[in-house]
Structures are given as structure tokens and as C-alpha cells.
1. Answer yes or no: is there a residue in region 117-133 that is exposed (fewer than 15 other Cβ atoms within 10 Å of the Cβ) and touching a residue at least 12 places away in the same chain (Cβ under 8 Å).
2. Right, TYR175: surrounded by 24 or more Cβ atoms within 10 Å (Cβ to Cβ), over 23 Å from PRO265 (Cβ atoms) and either without any contact (Cβ under 8 Å) to a residue 60 or more places away in the chain or in the same structural domain as PRO265 (by TED's automatic domain parsing) (or both) or not?
3. Does VAL201 meet the test of being assigned by TED's automatic domain parsing to the domain that holds ILE144, surrounded by 12 or more Cβ atoms within 10 Å (Cβ to Cβ), of a type outside the set (Lys, Arg) and closer than 22 Å to PRO280 by Cα?
4. Can you pull out every residue in region 75-132 that is in contact with a His (Cβ under 7 Å, 6 or more places away or on another chain) and closer than 21 Å to TYR175 by Cα?
5. Say whether the condition of being among the hydrophobic types (A, V, I, L, M, F, W, C), closer than 19 Å to GLU150 by Cβ and surrounded by 13 or more Cβ atoms within 10 Å (Cβ to Cβ) is met by at least one residue in region 35-58.
6. Residues that are modelled with pLDDT of 85 or more and within 18 Å of LEU122 (Cα to Cα): list the helices (runs of 4 or more DSSP H) wholly contained in region 182-279 that include at least 3 such residues.
7. Hey, can you tell me all the residues within region 78-116 that are in contact (Cβ under 8 Å) with a residue 40 or more places away in the chain and more than 16 Å from the chain's Cα centre (by Cα)?
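The values are calculated or read from the model by the stated rules, or taken from the named source; none is laboratory data. Since the model is a prediction, treat every value here as computed from it, not as a measurement. With ideal geometry, Cβ positions are generated from the backbone for all residues, glycine too; neighbour counts draw on all protein chains shown.
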Amino acid sequence: EIRRYWKERITVPIIISLAKGIEAELEPEPRIITPTLMISRATGIPIENILYLGGPNIASEIYNKEYANARICGAERWRKPLAKFLRQPHFIVWDNGDLVTHEVMGGLKNVYAIGAGMVAALTNESATSKSVYFALCTSEMIFITHLLAEEPEKLAGPLLADTYVTLLKGRNAWYGQQLAKGGLSLEMGDSIKGKGMIQGVSAVKGFYELLSQSSLSVQHPEENKPVAPVEFCPILKMLYKVLITREFPLQAILDALRDETMYDPKDRIEIAQTHVFYRPSLLGHRP
């Protein structure tokens, strides 16, 4: 079917996005702009013809033919034949219909990977500190996806593995480590020679600005008052204050980890799963 599609030279192509990151659009109302939406806007190609490919892997290791798997997400008409088309003995591709969750997680993992790199360097690779950070950041990721999707896929299997490998050995984690070690400075920007664009920096800004909007306020179950969604995400808040406004030094990420008033990550997940937080308008959908 794909071969016929190109042979006939139909004018509307299929695009596979490898981009990871998001932007926030605050006017006329807050909404998230994912890479596939950006591509659709820029090209005029319908979103049904734009797919997302990602997974728990490192690009350089795939290039070296290390065994890996990935998911291609989007409209069923194209994702199923494309999954078969892309599959190789060392690169297994599955198809999935939840484009939103995968793109949002693709952006979020880079946000939290920067913090993971900072924590690793500042604690001399403490396994305990890194695991505490992992628990907190994954609970924030789950909370955020419940704002953007009515029934998001659970952070498990390939989605969780994708987050794990990015926090372990992605360019954003490397960037966080280098900042903490003094090998790089924030003044050098987020485009690093030999590494390319550090997508997590702009994603920190995008997610923070979006989730700070009072119009998106959700009811805090304990304080019994409406609060901006970002108030449920202390790690994201601290990353913004360290990387974007630069109000705090890099070491402040450890203060966010060690806050004695911090909720059990399980509580944040339960709040997301038991309260009606879904905001269709964030993706330009009408309730």
C-alpha cells in the first residue's frame, strides 16, 4: 500500500516525526503544541498523515545495530503498514494509537532527564538519590498526561523504558551532568556543538508556562482551593527556576528532592487518576 502511495505520487505525503519536545501557546487560550501539530500547521498536511516514532533506545546505539524496539503512533491506516515496513531484525517496531501520550512523554522525558543528570553529578552517582528522583519525576509525568489525555496509556512497558533510558544516557541527561560538573554553563545556550539541540530546556519553559495558567486551575484535595497544575509538580517548578529564570543555583534541585513537606509520589498519581483533571482545550479540542 505504501509503495502504491508513492508510485502514484499523491500530493499529500506521509511524515514520520522523530522530534521530541513541546511548545506552549498561551493566547487566545492555553494549549500545548506538539511536534506533529507544528508539522501539520507548517505544511498543511492533515494530522492523520503525520506519525510519531520513538522508543526506549539511543540513536547512536541503533546506528551500531544494537537490538532495540520502538513504537510508531498515529492513524491506524498508516501506522500498521509502516510498523512492518520499518521492522528489522535488530529494530522491532510496534504500532500504537495513543499519539498524544507518546508525544507528551517524549517531551517530558527530556525535561526530567536534565534534572536526572544534575542529580547524578551532584550526588556522585548516588543510586539512592537517583531512585528518589525517578519516583518523583515519573509521578509528575503521570499527573501531567492526565491533564492532556482522557485515558492516557499507563507509564509502563515501552513508555517507562523510554523514560528510563533517556534519564540514563540521553543528551539531555548528559547536559544536566555537564552543567552540574561545570563543563557547560547556562550562558552557552541549548544548542551544543557535537550534541545538537538540548530539547529539554525549551520543554521546561513550555510545560511550566502552560501549567502555570490560572485558567487551568484544579482543586487541591487537601487545601480545598483551586491551584495551578504546576503546584503539583515541584521538580518541574525547580527546573524552571534553575534553567530558565536562573533564580536558584543548580544545587537547588537537591533541595526539591529533600523537601520534608513533599508528598508521597503515590499521592500525586492517585490525585491524577481519581479527579477529573482532563483539559481537552489544551490540545485544541472542545469539551
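1. No, because not a single residue in region 117-133 is exposed (fewer than 15 other Cβ atoms within 10 Å of the Cβ) and touching a residue at least 12 places away in the same chain (Cβ under 8 Å).
2. yes
3. no
4. Passing the criteria: none in range.
5. yes
6. 234-243, 252-257
7. TRP78, PRO81, LEU82, PHE85, VAL93, TRP94, ASN96
Let's see how each residue does on (1) at pLDDT 95 or above; (2) in a helix (DSSP H, G or I); (3) among the acidic types (Asp, Glu):
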position: PRO81; (1), (2), (3): yes, yes, no
position: LYS84; (1), (2), (3): yes, yes, no
position: VAL100; (1), (2), (3): no, yes, no
position: GLU125; (1), (2), (3): no, no, yes
position: LEU136; (1), (2), (3): no, yes, no
position: ILE142; (1), (2), (3): no, yes, no
position: PRO158; (1), (2), (3): no, yes, no
position: ASP162; (1), (2), (3): no, yes, yes
position: VAL165; (1), (2), (3): no, yes, no
